[in-house]
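Shown next, in structure tokens, is the structure this report addresses.
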């Protein structure tokens with residue numbers, strides 16, 4: 001029996017219905033923005049080789065709408081990123097699980113990745129200089145308000161994008177004097193800057209024996 005056939009098995013359908021009823025027929029991702037009546041799916045939080053879909057405790061199962069379920073699987077299949085490695089732009093989708101934007105990438109109302117050019121941000125990833133277009137201002141404000149760390153890549157000349165680890169905003173300022181200092185330091189005279197973001201790097205996980 002193929003896995004697709006197992007998903008039509010009455011034993012799985014019974015478990016699936018139980019999970020939907022427990023979760024009140026609603027997607028359980030807190031960042032879900034799908035419209036009402038979007039089709040639902042039951043997601044396995046982990047997989048055990050050789051185990052049938054219905055042979056899991058209910059605590060290992062959760063209701064997602066189909067778009068959120070697809071996003072969850074894209075994230076889970078993303079490759080581990082290696083700090084210091086340089087990636088071609090076309091490879092970033094493979095390692096991230098989504099296609100990034102230049103500067104800050106926003107998904108579902110949150111900033112999830114930064115791809116930074118050193119010619120505009122010479123002290124990156126420690127300091128980011130945000131422009132003054134409405135889109136950049138909005139994304140910079142969202143990034144500043146987040147507590148989570150995101151992956152940061154720096155443009156490595158023509159070689160690609162260097163992964164610099166995960167960072168978050170430690171502090172930010174729109175002070176005119178600070179902006180002027182950063183403009184002179186970066187040689188960005190005439191290029192407007194709305195905000196200076198000071199980033200902190202996520203410390204390595206402790207090694208356990």
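Seen against the Cα atoms of the chain and their longest principal axis, helix 66-76 is set at about 70 degrees. For segment 58-159, what does the alpha-carbon gyration tensor say about shape, rounded, prolate or oblate, given a ≥ b ≥ c as the root eigenvalues, a/c under 1.5 as rounded, and a/b over b/c as prolate? Verdict is oblate for segment 58-159. With the helix formula -39500 (n - 2.57) applied to DSSP H stretches of n ≥ 4, the chain reaches a computed 222 nm mean residue ellipticity of -8000 deg cm²/dmol. Of the beta bridges in the chain, as assigned by DSSP with both residues counted there, near 90 percent are antiparallel. Among 86, 112, 15, the largest mean-square fluctuation in a Gaussian network model of the chain (Cα springs under 10 Å) belongs to 15.
When the chain is treated as a GNM with alpha-carbon contacts under 10 Å, the residue of 181, 136, 111 showing the greatest mean-square fluctuation is 181. Under 10 Å, Cα contacts only: if you run a Gaussian network model on the chain, which one of 197, 154, 61 comes out with the highest mean-square fluctuation? Maximum fluctuation in the GNM of the chain, among the listed residues, is at 61. Angle of helix 134-145 to the longest C-alpha principal axis of the chain, folded into 0 to 90 degrees and rounded to 10: 70°.
Can you bin segment 114-206 into rounded, prolate or oblate? Criterion: square roots of the alpha carbon gyration tensor eigenvalues sorted a ≥ b ≥ c, rounded for a/c under 1.5, prolate for a/b above b/c, oblate for the rest. The shape class here is oblate.
Please work out whether the chain counts as rounded, prolate or oblate from its C-alpha gyration tensor, where a ≥ b ≥ c are the square roots of the eigenvalues and a/c under 1.5 means rounded, while otherwise a/b larger than b/c means prolate and anything else oblate? Intermediate values should be presented prior to the final figure.
Working: a/c = 2.84, a/b = 2.17, b/c = 1.31.
Prolate, because a/c is 1.5 or more and a/b exceeds b/c.
Readers should treat all values here as calculations from the given coordinates under stated rules, not as data from a laboratory. Remember, it's a predicted structure, so these values are computed and weren't measured experimentally.
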